[in-house]
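Following: one structure in structure tokens, then a few remarks.
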Amino acid sequence: MFRIRRINDIDSARNLNVLPQVERIIRKQFPALSNEKILEIPEKLRNPFLDGFQYILLVADDPSRVVKGAAVMSHEPELGFCFLDYITTHRQRMGTGVGSALYEAVREEALELQSIGVFFECWPDDPRLCSDPAVLRQNIARLKFYERYRALPVINTAYETPLSPQDDNPPYLMFDGLDQGLDLRLDRARAIVQAILERKYKDLCQPQYVAMVVNSFTDDPVRLREPRYVKEAPLDVPKISAPAGKRIALVINDQHIIHHVRERGYVESPVRIHRILQEISRIDLFRTLEAWHYPEKYILAVHERDYVSYLKKICDKLEEGRTVYPYVFPLRNQSRRPEDLPVQVGYYCIDTFTPINRNALSAARRAVDCTLTAAEALLDGYKLSYALVRPPGHHAERNSFGGFCYFNNSAVAAQFLSAYGRVAILDLDYHHGNGQQNIFYARSDILTVSIHAHPRYAYPYFAGFEDESGEGEGKGFNVNITLPKTIESEQYRLALRRAIKKVAQFKPDFLVVPFGLDTAKGDPTGSWALRAADFELNGRMLGNLRLHTLVVQEGGYKIRELGKNAALFFRGLWDGMFPNG
């Protein structure tokens, strides 16, 4: 598991070891890069707009703050564009999703800076420009990677003209328009190219060369090469119009964006909700409901009062913009809490990833309101409801938070619905639903089932083993179905059939589904291989239970596929629930 962080202060105590690690990775991955160029990086990060660019460092690191990859990007505010200077990962980390997560963080950063797009350079896939077959294969792989994001080479220009006739691998100029649909007009493109060549390569590019390249841009708007390697199909979610009585009640956390922690918050970022909403709106299945406000007693029904009180105190105390992370944990004496509120974070948190700031409580509180509104919709006649919320909740235990979760939305909803019938929780996130297990472990009126990656290698590591089946009255009412690190679709569906059988035997009146999209192929926090069609099939299997079903959004961080996978899941869920339309 890793996080993406924007490093705002490379000289702070907690970041002192970041830059040396980044420099080591860049040296290893770019052996031809001079030491002088590498040593320029910290100077540019410390001195904004040194050459007219604001430099930004994004890193992917793990709980031990070991850097797995990094991206250095720069923003030119007057011309309104970003340039990706370096993006690299440990060679042994390739194929783990770190590169994808970093590049998606670059794109999000560029969008927040209101850039027209991201420019960068990529070695060519033309044998006439690359003489080494092995290097050519690597170049093709890189271009294929960027094509997935619609980042393509600029064509009909002289940009890839070698500085010297004997030079090999003159780079293409790449452009990623960030899916904004904006044309790159000629005048702006010329100004941008001139800024790149004169400022970033002033020690290499002579004025005559710069003028030649700039004047070679003649298309208006500038043209990009057609994709060669990735033929992206349109969203394959047939639009249907659900009758009024068969709509899915949709409740969206309208305050989720206030909890956006830029320095660590990429993987649990606001763009997740926007992308899901964008795609599910294409299928006419939902009716949006306004979230009601519910009293605190519903939270206190599943969380300890002292824990809730602590969250109130710490969030109220923190000034705007300050973020606190746990760094001291009471492993030796949990009966004695420290007096200092920021130090107490480690008393109540299960990891080092989950931030506390002034807005954490408000966003989490609103997520609970949305989930309870969606739960209550089932009592009002809806068969299906969806709480599209962040922050998520399924890692929050009775007396602790973690995994970006503060209040357990699904547990609050299950407790609320248990007053009206039997409730089953079926957690479909890649990671174990340790929160529900902890809260309902000794109860028999709420069944908790979780399909997840084995805790030997997946977060939260300390819970989710198959021999954890409940205690006391709850013995046998907690079911953990663990799966290997690498699985294919049918292996997952076998586990889902087993889980559905457990739910059916329990004969619940309501089904609560903590729903993670991090089971998808390529998700940066997971390792499974579910594709879009699998989400539709899995949704249909759940719908076939014909239970009043509440879906609560949890994880899922492969941004480009997030919405499509969600839309297909709900299409399948609806088809299973209403087979005759």
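Put a plus charge on the Cβ of each Lys and Arg, a minus charge on the Cβ of each Asp and Glu, and nothing anywhere else: the dipole of region 3-215 about its Cα centre is then about 660 debye. Model label points for Ser64 and Asp167, set 7 angstrom from Cα along the Cα-to-Cβ axis, are 4.1 nm apart. A straight chain from Arg282 to Ala141 at 0.36 nm per residue would run longer than the Cα-Cα distance by 47.5 nm. The residue list Leu79, Gln208, Asn15 was ranked by how far each Cα lies along the charge dipole of the chain toward its positive end, using unit charges on Cβ atoms, and Asn15 comes out on top. The angle between the Cα long axis of helix 271-280 and the main principal axis of the chain comes to about 70°, on a 0 to 90 degree scale.
Residues within the reach of a label modelled at Arg199 (point 7 angstrom out along Cα to beta-carbon, backbone nitrogen below 18 Å), restricted to region 167-184, are 174-176.
Taking label points 7 Å from Cα along the Cα-to-Cβ direction, Trp292 and Leu39 give a separation of 6.7 nm. Taking Cα centre as origin and charging only the Cβ of basic (Lys, Arg, +1) and acidic (Asp, Glu, -1) residues, the dipole magnitude of the chain rounds to 1280 debye. Our note on the geometry: Cα centres of region 148-170 and region 436-508, 52 Å apart.
Glu320 to Asn47: extension gain in nm, 0.36 nm per residue of separation minus the Cα-Cα distance?
Roughly 95.8 nm would be gained on extension.
Modelled spin labels at Asn399 and Ala211, positioned 7 Å past Cα toward Cβ, are 7.6 nm from each other. Partner lysines whose Cα lies under 18 Å from the Cα of Lys246, excluding those fewer than 8 positions away in the same chain, are identified as Lys383.
The radius of gyration of the Cα set in region 3-215, together with its Dmax, comes out at 16.9, 50 angstrom.
Rg and Dmax of the chain, based on Cα coordinates, read 25.4, 82 Å. Net length available on complete extension from Ser131 to Ser489 is 124.8 nm, with 0.36 nm assigned per residue and the Cα-Cα distance removed. For the chain, the longest principal axis of the C-alpha atoms and the axis of helix 305-317 are separated by about 30°.
Partners of Lys312 within straight-line reach, counting lysines whose Cα lies under 29 Å from its Cα and excluding those fewer than 8 residues away in the same chain: Lys297.
Restricting attention to the chain, close to 45% of DSSP beta bridges with both partner residues there are antiparallel. To the nearest ten degrees, helix 489-506 and the longest principal axis of the Cα atoms of the chain are 20 degrees apart.
May I ask for the distance between the Cα centers of region 34-48 and region 369-406, given as a whole number of Å? About 46 Å separates the Cα centre of region 34-48 from the one of region 369-406. For Lys144, a cut-off of 13 angstrom between C-alpha atoms picks up these aspartates and glutamates, skipping any fewer than 8 places away in its own chain: Asp125, Glu226, Glu232.
The listed peptides 441-449, 296-304, ordered by packing as a protection proxy, come out as 441-449, 296-304 (highest mean of other Cβ atoms within 10 Å first).
Taken together, the values in this text are just the output of simple stated rules run on the coordinates, not laboratory data. Treat the numbers as computed from the prediction; the structure is a model and nothing was measured. Cβ sites come from the backbone with ideal geometry, for glycine too, and all protein chains shown count toward neighbours.
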